[in-house]
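Peer 1: Pasting a structure here, questions to come.
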Amino acid sequence: MADPLVRIAGVDLDLRGRRVLERVDLDLDPGETLALLGPNGAGKSSLMRLVAGRLRPNAGSVRVAGADPYREGGARRAIGWVPQEIALYPKLTVAENLGVFGQLAGVPRRDRRAAVEAALAMAEIGGVARRPVGTLSGGYRRRVNIAASLMNRPRLVLLDEPTSGVDLAARAAIHAVLDRLKAAGTAILIATHDFAEAERLAARVAFLAQGRIVRAGRLTDLLAQLRTGVPERELSLTVPADEPAEAALRRAGFAVAEPGGLTWRSVERSGLDGAALLGSLRAQGVPVAEVRVRAPRLEALYLDALRPRAVTDAEIPALRDGTAG
């Protein structure tokens with residue numbers, strides 16, 4: 001069996017006197033996509049920066065292609081790093097930006113034009129190659145941001161919230177870029193708060209909470225284990241719940257699932273069937289329009305994995321709309 005492209009073993013990390021990662025073990029194989037999920041402050045971005053060679057662990061080891069990315073430039077050249085912040089020169093054109101990043105990545109001058117063309121093609125942004133980055137939409141800027149990380153033809157691409165703040169069309173275009181990278185055999189490590197995005201892109205997931213990986217594995221296997229239990233329930237309200245109705249929903253094992261408070265999802269298993277649950281909640285004054293039963297998906301897996309740290313109702317909307325850090 002081939003060695004993993006990324007191997008994180010027994011890693012601890014302290015920043016400004018605070019432990020942010022503890023006893024982290026994680027592997028990533030060549031050509032594989034792994035999604036990191038967790039609430040704000042869980043350590044996702046710090047873990048990404050460790051893999052990128054921006055930070056050095058206090059204990060344990062990080063290896064990319066067998067080398068330490070913090071100490072060895074060869075390991076860093078195998079990595080494309082796409083931070084959440086747009087790291088581009090707004091007055092330069094797209095092609096000029098890529099040329100600058102190619103130079104910074106050590107691409108020889110004779111190879112730079114071909115590298116720019118390859119990155120433009122991979123991100124499908126050739127049509128805006130001569131436009132200043134500052135004139136582009138947020139979605140196009142994010143695609144240029146990804147293209148800039150590809151100038152050294154990396155074996156591994158790290159993406160921190162790659163679709164933050166973009167519309168659905170731009171999100172689909174970014175996902176298409178990542179699909180092409182996967183098809184080319186590039187390994188991808190993506191930190192995201194978007195459950196649908198993680199399900200769409202990743203074969204494996206890892207959940208971080210308070211600096212530790214609390215569960216990791218193939219998404220299909222983890223969901224199969226969860227689906228052996230009681231199905232997940234989701235209910236819609238006709239109007240937002242008042243305080244007594246919210247209390248009744250929480251007692252029944254539900255938490256707010258979407259901004260606005262009209263959709264609630266089960267976070268605990270109930271023995272009541274859908275009709276009995278609907279009748280019970282309406283009898284308590286909850287304005288329920290309908291109850292839907294479905295097989296658990298990634299959001300339910302996340303809640304189940306982080307249950308020991310008592311995920312709060314307030315976190316659920318942030319995780320769905322990407323407002324949490």
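Coordinate-derived values only; no laboratory data. Since we're looking at a predicted model, the values are computed, not measured. As a convention, Cβ positions derive from the backbone with ideal geometry for all residues, glycine included, and neighbour counts pool all protein chains shown.
Peer 1: Report the per residue volume, in Å³, of the convex hull enclosing the C-alpha atoms of the range 31-138.
Peer 2: On the way: hull volume 15.8 nm³, N = 108.
Cα convex hull per residue, to the nearest whole number: 146 Å³.
Peer 1: What full-extension length gain, to one decimal in nm, is calculated for Arg292 and Arg16 as 0.36 nm per residue of separation minus the Cα-Cα distance?
Peer 2: 94.7 nm
Peer 1: What order do you get for 145-152, 36-43 when each peptide is scored by the mean count of other beta carbon atoms within 10 Å, highest first?
Peer 2: 145-152, 36-43
Peer 1: Another question, then. Could you tell me the extents of the range 153-225's C-alpha atoms along the three principal axes, largest first, rounded to whole Å?
Peer 2: That works out to 32, 27, 26 Å along the principal axes.
Peer 1: Using a basic spin-label model with each label point 7 Å from the Cα along Cα→Cβ, how many nm lie between Ala2 and Arg250?
Peer 2: 5.0 nm
Peer 1: For a paramagnetic label modelled at 7 Å from the Cα of His175 toward its Cβ, which residues of the range 117-137 fall within the zone defined by backbone nitrogen distances under 20 Å?
Peer 2: Zone members listed by number: 122-125.
Peer 1: Across all directions of projection, what mean area in square nanometres is found for the Cα convex hull of the range 6-221?
Peer 2: So the mean shadow area of the Cα hull is 11.6 nm².
Peer 1: While we're on this one: So, R0 is 41 Å and r is the distance between the beta-carbons of Asp68 and Ala224; what FRET efficiency does that work out to, to 0.05?
Peer 2: After rounding to 0.05, the efficiency reads 0.65.
Peer 1: Have a look at the range 76-204 and give its Rg and Dmax from the Cα atoms, expressed in angstrom.
Peer 2: Rg then Dmax for the range 76-204, in Å: 13.6, 42.
Peer 1: Are there trypsin sites (Lys or Arg not before Pro) in the range 7-71 that DSSP marks as loop and that have at most 16 other Cβ atoms within 10 Å, and which are they?
Peer 2: Passing sites in the range 7-71 are Arg16, Arg54, Arg71.
Peer 1: A further question on this structure: I need the shape label for the range 110-162. Rule: rounded when a/c is under 1.5, else prolate if a/b > b/c, else oblate, with a, b, c from the alpha carbon gyration tensor.
Peer 2: Because a/c hits 1.5 or more and a/b fails to exceed b/c, the range 110-162 counts as oblate.
Peer 1: Name the longest site-free stretch of the chain, where the excluded sites are GluC sites (Glu not before Pro) in a DSSP loop with no more than 15 other beta-carbon atoms within 10 Å.
Peer 2: On the way: sites that count: Glu85, Glu124, Glu268.
Answer from the scan: 125-267.
Peer 1: Turning to a different aspect of this structure: By how many nm would the segment from Ala87 to Gln103 lengthen if fully extended, with 0.36 nm per residue of separation less the alpha-carbon distance? Intermediate values should be presented prior to the final figure.
Peer 2: Working: separation 16, 0.36 × 16 = 5.76 nm, distance 1.51 nm.
In short, 4.2 nm is gained.
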